[in-house]
1. Can you tell me how segment 135-251 classifies by the Cα gyration tensor, rounded, prolate or oblate, using a/c under 1.5 as the rounded cut?
2. Given the Cα-Cα distance of GLN165 and LYS212 and 0.36 nm per residue of separation, how much length would full extension add, in nm?
3. Using the Kirkwood radius built from alpha carbon pairs, what does the Stokes-Einstein equation give as D for segment 186-276 at 37 °C and 0.692 mPa s, in µm² per second?
4. Using a Förster distance of 22 angstrom, determine the FRET efficiency expected from the C-beta separation of VAL266 and THR109, and round it to 0.05.
5. Per-residue counts of other Cβ atoms within 10 Å, averaged by peptide: what ranking do you get for 252-260, 264-272, highest first?
6. Provide the gained length on full extension for the span GLU56 to ASP73, in nm with one decimal, where the gain is 0.36 nm per separating residue minus the Cα-Cα distance.
7. Between PHE65 and LEU173, what is the FRET efficiency for a Förster distance of 41 Å, r being their Cβ-Cβ separation, to the nearest 0.05?
8. Take the residue pairs LYS22/LYS81; LYS20/LYS80; LYS81/LYS166; LYS81/LYS151; LYS80/LYS151 and return only those whose Cα atoms are more than 19 Å apart.
Amino acid sequence: MYYVYELIDPRVNLPFYVGKGKGNRVYFHLSEQLRAKSDNARKFNKIQKMRKEGYEPEVKIIQYFENENDAYDLEDELIKKYGRIRYDENGILTNICESSRPPNNKGRTYQEIYGDKWEEQIEKRRQAQINVGGYDHHNDIATAMPRTTLKYDKAFSALLTDLKQKGLLESTLVIWGGEFGRTVVQGGGSGSPGRDHNGRAFSIWMAGGNVKGGIRYGETDELGARSVKDKVHIHDLHATILHLMGFDHTKLTYNYNGREFRLTDVYGNVIKDIVS
């Protein structure tokens, strides 16, 4: 009997290691031999830190197999998709994206993943709003951008692939965006340039949830500095998101200070050209 298993970090209830084994029970131990391979060394260090805080990793069997090759194939698939060690600076986002899809998000209607300092997440232990580090590259963008995109690209690719394979993408709205764009000229410190804030043009992408796939809506000028065609105001974006979630933004209100407010105030139009 062979199996593929995950080790779960009980502090945040998320998996941080995937492996395969043989037999009816999962055994894992800590020894100096684990340090011989980088994956095992990182597993060793994480478990040691967990135990110092009074926690013990939990074992979750993903699937049993009669054939070792089948177990190897699943292990290899998960490693390629998420990485063997998932809960670290470069793996936390893939891990969280995996937790965002059913059945791992059972009972959770919304999940927000936002960028700032990812290290704070273990302490905050928030499952609905998760902090993973962002694109605030005012300096040294040549080094910072590849490191950031490594975290995001693999993670969201895996999430969208999983949702589509399981037939869940059309009922799940995925939104990726930020609070503003970036300038097309350098900013930041001398010798390590980055990009400064630009509120005149920026992009988001959406997938699933009855959004048209494979299209681009809106254009900037030739420098990418300003929006010039099919401009979308933030109220339009909010109206469209609410529409995709089944709400009429003109009727959804909340009472504040004696007045019924809309989330889009008195503005906003649904962008019908991007709705399938």
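1. Since a/c reaches 1.5 but b/c is at least a/b, the shape of segment 135-251 is classed as oblate.
2. Contour length minus Cα-Cα distance gives 15.1 nm.
3. Using the Kirkwood radius from Cα pairs, D works out to 211 µm²/s.
4. Plugging the Cβ-Cβ distance into 1/(1 + (r/R0)^6) gives 0.20.
5. For the peptides 252-260, 264-272, the packing ranking is 264-272, 252-260.
6. Extra length available between GLU56 and ASP73 comes to 3.3 nm.
7. Calculated transfer efficiency: 0.70.
8. Beyond 19 Å: LYS22/LYS81.
All of the numbers you see were taken from the coordinates with simple rules; none came from a lab. Computed from a prediction, not measured in an experiment: that's the story for all the values here. Using ideal geometry, Cβ is built from the backbone for each residue, glycine included, and neighbour counts are taken over all protein chains shown.
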